[in-house]
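The values are calculated or read from the model by the stated rules, or taken from the named source; none is laboratory data. As the structure is a computational prediction, the values presented were derived from the model and not from experiment. Note that we place each Cβ from the backbone using ideal geometry, even for glycine, and neighbour counts take in every protein chain shown.
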């Protein structure tokens, strides 16, 4: 079991680092803004679900909150964007413990770019990106 988890983690990290240069799925600011008001189109949802396990990049995301319960014990830090327009626009970005340490040095509502591995998407819980990297834009 540990070997399988380690292998999965190594693959995910490899995908993450290769995705920094070129993501397989890019969600730009305009598409994201349009979805806030009218929801995602069925073809978009299909694209999200067929890209599970592949690299994704969100060009502009407003961080709103975080959940540090796992990070406080040495685990990953969960960052959550502003999903006030509906759960279908939520992004759950899981930072490594080290990246979580860096973020928590100045934990506030940043505008960021996000890159990572798309784990899942649903209308009821939004996107889960794990592992995830951020680049602060402001």
Return a yes/no flag: does the range 129-138 have any residue that is farther than 28 Å from residue 45 by Cβ, over 13 Å from the mean Cα position of the chain (by Cα) and part of a strand (DSSP E or B). yes
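Tell me, which helices (runs of 4 or more DSSP H) lie completely within the range 1-90 with 1 or more residues that are at pLDDT 90 or above and in contact with a helix residue (DSSP H, G or I) (Cβ under 8 Å, 6 or more places away or on another chain)?
Working: elements: 2-21, 29-38, 42-50.
Filter on the range 1-90 gives 42-50.
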Which ones in the range 91-118 are under 18 Å from residue 65 (Cβ atoms) and assigned to a loop (DSSP other than H, G, I, E, B)? 105, 106, 107, 108, 109, 110
Just name the residue that is surrounded by the most Cβ atoms within 10 Å (Cβ to Cβ) out of those in the range 71-94 that are over 17 Å from residue 120 (Cβ atoms) and in contact with a strand residue (DSSP E or B) (Cβ under 7 Å, 6 or more places away or on another chain). 77
